[in-house]
Amino acid sequence: MLNPTLRFSTRVENYRKYRPGYPAEIIPLLKSECGLTSESVIADLGSGTGLFAEIFLKNGNTIFGVEPNAEMRKAGEQTLASYPNFKSVDGTAESTTLPGRSIDFVVAGQAFHWFDRSKARPEFQRILKPSGWVVLAWNGYRMESSQMMTSYQALVAKYGTDYSEVQREVVGIDVETFYAPGSCKCARFSFRQRFDYEGLEGRLLSSSYAPEPDHPGYEAMLRDLRTVFDANQEDGQVNFDYETEVYYGRLEKV
């Protein structure tokens, strides 16, 4: 599998324009469950183009966006330039470069499955304050929600260059053992994007497993995508449905 820190270098613009953000309901959840306030200092690991960071910035938090991919990091800096509390950091989940015991919340959106967990865990413990929290979130497809989503899933399974391997990383990840001997809780939120054909194509091409223009399956994939769109569109748009999973808990010493 391609080095995770390089997977999205050629997909930055589509990622920035067509990937979903995160449900605003995450903030009140963390306020009630974890004591999040506007004063909490947050490290967003694998911060990418800033999609997860933005809901915390809107809450008034200071965010250190730690991103190893230079192209994604630059896009995040541009997207979040209007937020003075956003600090961009060239680092990794395993080596953040952040000071010890300086962080109230370590968060990761759509990124934790790429981390080397045996190295990331001690780094999380190093930078977190003693009462700090770890929050891990993913936006997953709601495949059962519509024929549109079922057909889209079949398309990416057919053409994705390493889709099954990436899915195995996400679906098969054992989050609970990362928090052990402590525990974590999970909350789920449903939401959707609406796309015209250009948006649906951009959403597909933002995925690390989607063939690129020089791939022999690229044109056939786009023809099939147009067929999926035409079969499911209403008034020139389709619904793209997600379920967001949010895990939260504290790390205890092993």
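The values are calculated or read from the model by the stated rules, or taken from the named source; none is laboratory data. Predicted model, so just to flag it, every value in this text is computed and none were measured. We place every Cβ from the backbone using ideal geometry, glycine too, and count neighbours over all the protein chains shown. Heads up: the accessible areas ignore ligands, DNA and RNA and are worked out on the full protein's heavy atoms, side chains in. Shrake-Rupley method; radii C 1.70, N 1.55, O 1.52, S 1.80 Å.
Calculate, for the range 64-204, the solvent-accessible area per residue in square angstrom, rolling a 1.4 angstrom probe over the heavy atoms of the protein chains.
46 Å²
Between residue 32 and residue 245, what length comes free when the chain is fully extended (0.36 nm per residue of separation minus the Cα-Cα distance, one decimal in nm)?
75.0 nm
Given an 8 Å cut-off on Cα distances and at least 6 residues of separation, report the relative contact order of the chain as a percent.
The value is 22 percent.
Applying a 10 Å radius around every beta-carbon, put 133-139, 221-227 in order of their mean neighbour count, most first.
Result, highest mean first: 133-139, 221-227.
Non-local amide H neighbours of residue 140 (under 5 Å, H modeled in plane, Pro and chain starts lacking H): which ones?
Result for residue 140 returns 243, 244, 245.
What value, in deg cm²/dmol to 500, does the helix sum -39500 (n - 2.57) over DSSP H runs of n ≥ 4 give at 222 nm once divided by the residues of the chain?
-10500 deg cm²/dmol
For the range 75-152, what is one quarter of the convex hull surface built on the Cα atoms, given in nm²?
On the way: hull surface 30.5 nm².
Answer in nm², one decimal: 7.6.
I need the fraction of alpha carbon pairs in the range 195-254 separated by more than 15 Å, rounded to a whole percent.
That tail contains 62 percent of the Cα-Cα pairs.
I'd like the carbon and sulfur percentage of the solvent accessible area for the chain, probe radius 1.4 Å, heavy atoms only, ligands and nucleic acids excluded.
Heavy-atom surface of the chain belonging to carbon and sulfur, 1.4 Å probe: 47 percent.
Counting only other residues whose beta carbon sits under 12 Å from that of residue 87, what net charge do I get with K and R as +1, D and E as -1?
Working: positive: 73; negative: 44, 67, 77, 90.
Spelling it out: positives minus negatives among the neighbours equals -3.
What's the local net charge at residue 177, with K and R +1, D and E -1, over the other residues with C-beta under 14 Å away?
Surrounding charge for residue 177 is -1.
Going through the range 98-200, which trypsin sites (Lys or Arg not before Pro) have at most 13 other Cβ atoms within 10 Å and a DSSP loop state? Don't skip to the answer; put the middle values down first.
Values: sites: 101, 117, 119, 126, 142, 158, 168, 185, 188, 192, 194; in loops: 101, 142.
Filter output for the range 98-200: 101.
When the chain is fully extended, how far beyond the present Cα-Cα distance does residue 212 get from residue 78, taking 0.36 nm per residue of separation?
Separation in residues times 0.36 nm, less the Cα-Cα distance, equals 45.8 nm.
Per-residue HN-Hα couplings for the range 185-196, Karplus 6.51 cos²θ - 1.76 cosθ + 1.60 at θ = phi - 60°, whole Hz, x for Gly and Pro?
Result, rounded to whole Hz: 10, 10, 10, 10, 9, 9, 7, 8, 10, 10, 10, 7.
Among the listed pairs 158/185; 58/158; 58/129; 87/158; 31/87, which have their C-alpha atoms separated by more than 31 angstrom in this model?
In this structure, 158/185; 58/158; 87/158 exceed 31 Å between Cα atoms.
To the nearest 10 degrees, how steep is helix 70-79 against the longest Cα principal axis of the chain, on a 0 to 90 scale?
For 70-79 against the chain, the angle is about 80 degrees.
With a Förster radius of 51 Å, plug the Cβ-Cβ distance of residue 154 and residue 252 into 1/(1 + (r/R0)^6) and report the FRET value to the nearest 0.05.
It comes out at approximately 0.75.
Roughly how many nanometres apart are two label points built 7 Å out from the Cα toward the Cβ at residue 194 and residue 90?
4.3 nm
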